[in-house]
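Here the structure comes first, spelled out in structure tokens, and everything after it is commentary.
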Amino acid sequence: LFIDWRQYPSITDALQWAGWIWRGTAVWDKGNSRPQKGRFRQQAEYIVWGSNGPMPINRPVSCLPGVFRYGNPQNRIHVTEKPLQLMKDVIQICEPGGLILDPFAGAGTTVLAAVVTGYRAVGIEVTDAYYKLGSDRVKIALEAEQKEDEK
Ligand SMILES: C[S@@+](CC[C@H](N)C(=O)[O-])C[C@H]1O[C@@H](n2cnc3c(N)ncnc32)[C@H](O)[C@@H]1O
């Protein structure tokens, strides 16, 4: 769950209230953002993450960084779309082939990152237009991959 500082307390509560185990928070450093006089620049989003059940320490997952630095994507189809490479990095927290849930799927970046790197994924998106955009995006990417494999 990517969140800014204002909703941080409620999202960490919501995650736990939903029965998940809150495992921690990583940071997406966007590098750039609107400057605010007399304020700190809000250049980070917080990546609140958890697991549905145990996550044994002996899982085949390496040490991951706590801060990810990527600029916003140039050609976005969703106003808050995340960089694809960022999501490919972040989902490495899941064991190979594991199942990833993104309950706020938007343009489907998490789902796309997951399926092209061998994970399984479920995305939930409330807005019909984004649901269609995200689903089409994943479908097109998978078809392109399949065509590439057939060459
Ligand atoms: C920050 S965007 C996600 C962007 C996504 N990570 C991407 O890269 O495209 C959050 C999305 O959550 C959706 N959303 C908001 N409330 C929701 C809810 N209760 N259930 C499902 N989706 C919801 C919004 O429509 C929006 O598209």
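For the reader, a short list of remarks on this structure follows.
- Residues that are assigned to a helix (DSSP H, G or I) and either in contact with a strand residue (DSSP E or B) (Cβ under 6 Å, 6 or more places away or on another chain) or open to solvent by 70 Å² or more (accessible area, probe 1.4 Å) (or both), drawn from segment 11-38: 11, 12, 13, 15, 16, 17
- Contact map, segment 139-151: residues that are under 15 Å from residue 114 (Cα atoms) paired with residues that are modelled with pLDDT of 85 or more and surrounded by 10 or more Cβ atoms within 10 Å (Cβ to Cβ), Cβ distance under 7 Å, separation 6+ or inter-chain. Pairs shown: 141/112; 141/116; 142/115; 145/116.
- Among the candidates 48, 90, 67, the residue that is touching a residue at least 24 places away in the same chain (Cβ under 8 Å), farther than 26 Å from residue 141 by Cβ and within 14 Å of the ligand (Cβ to nearest atom) is uniquely 48.
- Of all the residues in segment 119-151, those that are open to solvent by less than 50 Å² (accessible area, probe 1.4 Å) and part of a loop (DSSP other than H, G, I, E, B) number 2.
- Single match in 41, 59, 76 (criterion: out of contact with any Ser or Thr (no Cβ under 7 Å at 6 or more places or on another chain), assigned to a loop (DSSP other than H, G, I, E, B), of a type in the set (D, E, K, R) and more than 16 Å from the ligand (Cβ to nearest atom)): 59
The values are calculated or read from the model by the stated rules, or taken from the named source; none is laboratory data. Remember, it's a predicted structure, so these values are computed and weren't measured experimentally. Please note: Cβ atoms are built from the backbone with ideal geometry, for glycine as well, and neighbour counts cover all protein chains shown. The accessibility values were calculated without ligands, DNA or RNA, using every heavy atom of the protein model including side chains. Shrake-Rupley method; radii C 1.70, N 1.55, O 1.52, S 1.80 Å.
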